[in-house]
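The structure appears right after this line, and notes come after that.
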Protein chains: 4
Amino acid sequence: MRVGLLTGGGDVPGLNAAIRAVVKRGEGEHGHSIIGFRNGWKGVVDGDVMPLSRRDIRNVLPTGGTLLGTARYHPHASDGGLEAALATLEAERIEALICIGGDGTLNAASKVAEAGVKVVGIPKTIDNDVWATDASIGFDTAVSIATEAIDRIHTTAESHNRVMIVEVMGRHAGWIAVTSGIAGGAELVLAPEEPFDITRIEKFLKHRHRAHASFSIVVVAEGAVPAEGTSMHYETQVGKFGEIVAGAIGERLKVEIEQRTGFDTRVTVLGHTQRGGIPTAADRILASRFGVAAIDAVTAGTTNVMTAIRGEEVVLVPLSQVAGKVKYVPQDLLTVARALA
Amino acid sequence: MRVGLLTGGGDVPGLNAAIRAVVKRGEGEHGHSIIGFRNGWKGVVDGDVMPLSRRDIRNVLPTGGTLLGTARYHPHASDGGLEAALATLEAERIEALICIGGDGTLNAASKVAEAGVKVVGIPKTIDNDVWATDASIGFDTAVSIATEAIDRIHTTAESHNRVMIVEVMGRHAGWIAVTSGIAGGAELVLAPEEPFDITRIEKFLKHRHRAHASFSIVVVAEGAVPAEGTSMHYETQVGKFGEIVAGAIGERLKVEIEQRTGFDTRVTVLGHTQRGGIPTAADRILASRFGVAAIDAVTAGTTNVMTAIRGEEVVLVPLSQVAGKVKYVPQDLLTVARALA
Amino acid sequence: MRVGLLTGGGDVPGLNAAIRAVVKRGEGEHGHSIIGFRNGWKGVVDGDVMPLSRRDIRNVLPTGGTLLGTARYHPHASDGGLEAALATLEAERIEALICIGGDGTLNAASKVAEAGVKVVGIPKTIDNDVWATDASIGFDTAVSIATEAIDRIHTTAESHNRVMIVEVMGRHAGWIAVTSGIAGGAELVLAPEEPFDITRIEKFLKHRHRAHASFSIVVVAEGAVPAEGTSMHYETQVGKFGEIVAGAIGERLKVEIEQRTGFDTRVTVLGHTQRGGIPTAADRILASRFGVAAIDAVTAGTTNVMTAIRGEEVVLVPLSQVAGKVKYVPQDLLTVARALA
Amino acid sequence: MRVGLLTGGGDVPGLNAAIRAVVKRGEGEHGHSIIGFRNGWKGVVDGDVMPLSRRDIRNVLPTGGTLLGTARYHPHASDGGLEAALATLEAERIEALICIGGDGTLNAASKVAEAGVKVVGIPKTIDNDVWATDASIGFDTAVSIATEAIDRIHTTAESHNRVMIVEVMGRHAGWIAVTSGIAGGAELVLAPEEPFDITRIEKFLKHRHRAHASFSIVVVAEGAVPAEGTSMHYETQVGKFGEIVAGAIGERLKVEIEQRTGFDTRVTVLGHTQRGGIPTAADRILASRFGVAAIDAVTAGTTNVMTAIRGEEVVLVPLSQVAGKVKYVPQDLLTVARALA
């Protein structure tokens, strides 16, 4: 079989482990030809192919990024994009296509599937908000990087007398904020799932610092928003709520907290460091299992599915069940974050 | 309520995160008194108590080890041990006891429960072989340490021309070996679940090195055993199979492989480094969730259970279902390890 | 002897290792009493003392921050500050004072020394700009954190098609920028030592991306400035040159580069993560050596000096030679950074 | 110019950074052709060449190992070896040869230099015992790995009640043992520089554990030896003193200490993990500086020298001054290790 392979959307650590697994298992066990496309869906539309053999995936297991490159581009969103993609797939005689990506890439995959292409998706996103799977590739590494950063900020916060805001990724769901907040021992965690009340934050910080504490750590997801009706006094130029801009919410909170409490407040925006570098063991294992499961599914003729992890098991889920849904942080995890503040 | 708390068996990273969660939630939310026992069951038998308040758990979240100390000691295994333990619990007016431990500690917990004490268990073991839970505290950190070691050995193996054996922990089940073998890209993984055939290993290595490779990495669990009927020529003094001694199987394999293939072979025994140091974010989160769930269970009157993680959820499992069982590495994970070799 | 001890200025990793060395050696070997002052010079002025014994320094070796607390406060800069400091030192019968700090703290130390107090300084600063010593406590850790961040950003930059700006600390001297730029393989390094020409940067990036590259990494010290006469078109609100504000130069460069080249450009400000967390082995060793040398100097009666590392040796340098000077990055290191771009 | 390049002896992290610097600077700035030899001197003897261009050194900066391969082989030690080496160098029209290696490789370099070849050496060894330079490539990374391992063992030692022995590399000099012992807070450090007295160790441990401590960490260099006249009771099969075998001294100490004190004693042999993995920032910077300095020296016609770091400066030292000398740990560093135990 000739099997296509692409990585789409933002890059995350672990993509190369998944590519490696598809190639090793696909070529070595099943005898398939694996045809990579460069820069996600863009490579499919442009016919930018990169045949992959075992030589190409040597030494990539512990590396971040993606050897195929990636882009935020969706064929169905541009004129003639879908047609061009289908034409390439036919010209390259691709019998099935494995798409590694988040929300957007998997959505595009289901559009292409509707047009008759056999597709298997592999979920990746540091935001961990892909539906129907306990975890997506990249999330564990991002949490581990964010936690390490909070650990570092902890020691410096203790030595001075400060409120330290750490802004992490998470547009629609606060997975990184909540889990790294728990792991890093944050005093406050602000996630999109629970719009925050700035007046309560003010009271909490004043009370805490009056009581005994000399510092507080606030972890905020970039997509966190104030509760309706709560007033944020100060307007900053950095960005508006609604359109999520890296650093915007962190900066706004800093200004509000300083104005309201008088405490020296600093903000650190973790930004791109969260999606780079060496994947954790957990991400490499997840990616390897997903890669094997995807190529095995293709071989068995089971397509239009996404690989998912459920407990200790890798399962296949219909792509149609996944598209357009967001997996939010469950209530019990939010409770743990609050309980341990 | 007066709630007892102990950590038993070998120490693992994440114990302090669990202790912290029990104390923060127990004292802060429920108003309980948390009474720690030093050195596991030994402290219960000896009446060695250490009352825990929020002051005691400051800054312990990212630390390895256990602030309560631990010991490999089981009250029911020594004369009068169980009686002494029960006497202490009564004297200290302990209304429920939270036991953080592996197989042995949880087994002791179920004996104590049979004697009428209200008990909640929290599973911890780097071996990950506790029944009924996807993961136990310490496993993720151990895998991440083993993977990092394999990564390091990889670069040095490539530069020379060698077979590198890495011996990891895992007496009854090969979880660390299989997962770190996948994450580290090992050529061979030997786990207790699948007794190995030394003749096939010899053939595999000879074939691989003849074909193209200049090195091979073999990850072996300390509890791995040769298949019945296979002959291991060489006797070493380091230990015998059956009684598992750190370094024994690694050394035996080294000698066999060198004798049979003539390849320069080196063995690294990871040993105690696997259970030390800073817990990963994943272990801190798991431990925090388990700690909260355990004290909430105690408060709700649900006892004689163990906290367990199943997918994204923390659940409670009857202790009686757990005791005496070993959770082995499932077939599909062994397949992934083989597929990616 | 009664020996005072303080840590002043911004906190850095390794301070606790130095404190530990002073206490262990001072109490254990020389039989001194070590009297800590909380929050740097502020604690001296306020009489906020914290006697230190071996119990207090247990387990602090691998921790970041400072167990004594710190503050950016200089007694001679506030009315009556110096007098209050001297009064405390007399009331506490301090025979000599060990001051761990950067530029500002050491400057204050030399003022206090002029007033007759016996002082020994220990240099610490992540900026590495203290005169007369090859290295100061905290620098190695900061470089290692910045390098790790650049490594991470590298993988994500390669996968997309971007200019990535990394802003690191360094107000007057570009040590972190230059060394982490070399270690991280940056394409451009901008340090205060060499005002930059934005037009040349524009040309370099255009040429590089036209030729072959799909990404560029620019490391910039927060204190970097444009060369006189070069025109930066765009004014941002984030800050002005001259008063150094975290994030200001990074943001300005981003805007200029995007405007001039059209390349997608992202900026990451490492901020407080650079001064937090676990000290590297090199920083712990340096801090331990400095602590031992400082208390040995005090004991031998050699005061009004600073400990310094020169090659493999720890030496003592007159405080008066150090104050008010800035150690800049030498030309040959700037050349290496350029040569390897 | 046609410039040869080889890496010899054991591999260490940072070799690729040095190779990269030689190629980037040599090809880019000076217009030289860089001709690599595979597997150290062996490649020179066998004529196994690998021309290096900028494409070959992409992405290698943060990687361990050596892309040229290495071997422990010295041309002058085998019949006709030197002649074959010279013949290759002539056939390949090599005008100068850069040799990256330790003691043995640099010694071979000086033999080849005596035969008329222009040679520049770059020192690398995790043992840090090359004469005339403050540091050699690989040492900083090895110390950082050993320190991290000691940190891990610390937490597990504290939780139980044990003597933990950590055996590190260091055949002739105890640099890793002494520095990682200081950084890791070891109670005892045993280095080849100071033969140890087992009876004093026994007394020290008994006294310490009687007084208060529940654990002790002993760091021992593989080349440590007992003082003459001291009796080690127990003979092990693992190895004899004199011929240094990994694990031998650790095992012997374990047996002696257990016999003499009755304390539960465990040994961890760090082995090959010490020379693998990602080079620290400090090693990458050192290697980059050495690489640039070496190719600049070649270009300037300064040969038969070794690059060396002295304080903040890279200097050139005659090869003849280096060969055959061992740089031992200086007394003041041994004192710090003892003082902080």
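A simple spin-label model places the labels of C:VAL245 and A:ASP48 3.8 nm from each other, with each point 7 Å out along Cα-to-Cβ.
Segment B:ALA91..B:ARG55, full-extension length gain: 10.5 nm, with 0.36 nm per residue of separation and the alpha-carbon distance subtracted.
With the simple spin-label model, which puts each label point 7 Å out from Cα in the Cβ direction, the D:ALA227 to B:SER231 separation comes to 5.2 nm.
Less than 19 Å apart at the alpha-carbon level, and either on another chain or at least 8 residues along: which lysines does that give for A:LYS24? The qualifying lysines are none; the list is empty. Using the alpha-carbon atoms, what tilt in degrees (0 to 90, nearest 10) does helix C:198-211 show relative to the longest principal axis of chain C? Value to nearest ten degrees: 60.
Using the Cβ-Cβ distance between A:ALA300 and A:ASP197 with R0 set to 60 Å, the FRET efficiency works out to roughly 0.70. Between A:ALA246, A:ALA211, A:ALA173, the GNM of chain A built on Cα springs shorter than 10 angstrom shows A:ALA211 fluctuating the most. For the range B:139-149, the Karplus equation 6.51 cos²θ - 1.76 cosθ + 1.60, evaluated at θ = phi - 60°, returns couplings of 5, 4, 5, 4, 5, 5, 5, 5, 5, 4, 5 Hz by residue, with Gly and Pro reported as x. Taken residue by residue and averaged, Cβ atoms of other chains lying within 10 Å of the Cβ of C:265-272 number 6.
Per the Debye formula on identical point scatterers at the alpha carbon atoms of chain B, with no solvent, log10 I(q)/I(0) at q = 0.09, 0.13 Å⁻¹ is -0.51, -0.92. Computed from backbone phi, the HN-Hα couplings of the range C:221-232 come to 6, 4, x, 5, 9, x, 5, 4, x, 7, 9, 9 Hz, rounded to whole numbers (Karplus: 6.51 cos²θ - 1.76 cosθ + 1.60, θ = phi - 60°; Gly and Pro given as x).
Between C:HIS207, C:HIS154, C:HIS172, the GNM of chain C built on Cα springs shorter than 10 angstrom shows C:HIS207 fluctuating the most.
When A:THR179, A:THR230 are arranged by Cβ crowding within 10 Å, least crowded first, meaning fewest neighbours, the order is A:THR230, A:THR179.
PRE reach from D:ARG2 (point 7 Å along Cα→Cβ): which of the range D:86-118 fall under 15 Å by backbone N? Answer for this model: D:86-98, D:118.
When you count the other C-beta atoms within 10 angstrom of each residue and take the mean per peptide, A:277-290, A:104-117, B:78-91 line up highest first as A:277-290, A:104-117, B:78-91. Per the Debye formula with a single identical scatterer at each Cα and no solvent contribution, what log10 I(q)/I(0) holds for the range B:83-176 at q = 0.10, 0.12, 0.18 Å⁻¹? Normalising to I(0) and taking log10 leaves -0.43, -0.55, -0.85.
Computed over chain C with a Gaussian network model linking Cα atoms closer than 10 Å, the most mobile of C:ILE295, C:ILE201, C:ILE100 is C:ILE201. Relative to the current alpha-carbon distance between B:ASP264 and B:VAL315, full extension at 0.36 nm per residue lengthens the span by 13.4 nm.
Its residue count N sets the reference 2.2 N^0.38 Å, and the alpha-carbon radius of gyration of the range C:238-341 equals 1.58 times that reference. Helix B:81-91 against the longest principal axis of chain B: what's the angle in degrees, Cα atoms only, rounded to the nearest 10? So the helix axis and the longest Cα principal axis differ by about 40 degrees.
For peptide A:174-185, the mean count of partner chain Cβ atoms within 10 Å of a residue's Cβ comes to 4. Per residue of peptide B:283-291, the mean number of Cβ atoms on other chains within 10 Å of the residue Cβ is 5. Closest approach of a chain C beta carbon to the axis mapping chain C onto chain D (residue, whole Å): C:GLY311, 2. Inverting the pair-averaged 1/r between distinct Cα atoms of the range D:141-275 gives 14.6 Å as its Kirkwood hydrodynamic radius. Listed peptides B:26-34, C:63-71 appear in the order C:63-71, B:26-34 once ranked by packing, highest mean of other Cβ atoms within 10 Å at the front. Legend: residue pairs C:LYS42/C:LYS118; A:LYS124/B:LYS124; A:LYS203/A:LYS254, Cα-Cα distance threshold 22 Å; pairs beyond threshold, A:LYS124/B:LYS124.
Rounded to the nearest 10 degrees, the inclination of helix B:103-114 to the longest alpha-carbon principal axis of chain B is 30 degrees.
Inter-part distance, the range C:94-115 to the range C:134-166, computed on C-alpha centroids, equals 34 Å. Across every direction, the projection of the convex hull enclosing the Cα atoms of the protein assembly as shown has a mean area of 49.8 nm². Only helical runs count toward this figure. For chain C, summing -39,500 (n - 2.57) over DSSP H runs of n ≥ 4 and dividing by all residues gives -12000 deg cm²/dmol at 222 nm.
Taken together, the values in this text are just the output of simple stated rules run on the coordinates, not laboratory data. Note that the coordinates shown come from a computational prediction; the quantities given were computed from them, not determined experimentally. Heads up, the Cβs are rebuilt from the backbone with ideal geometry, glycines too, and the neighbour counts pull from every protein chain shown.
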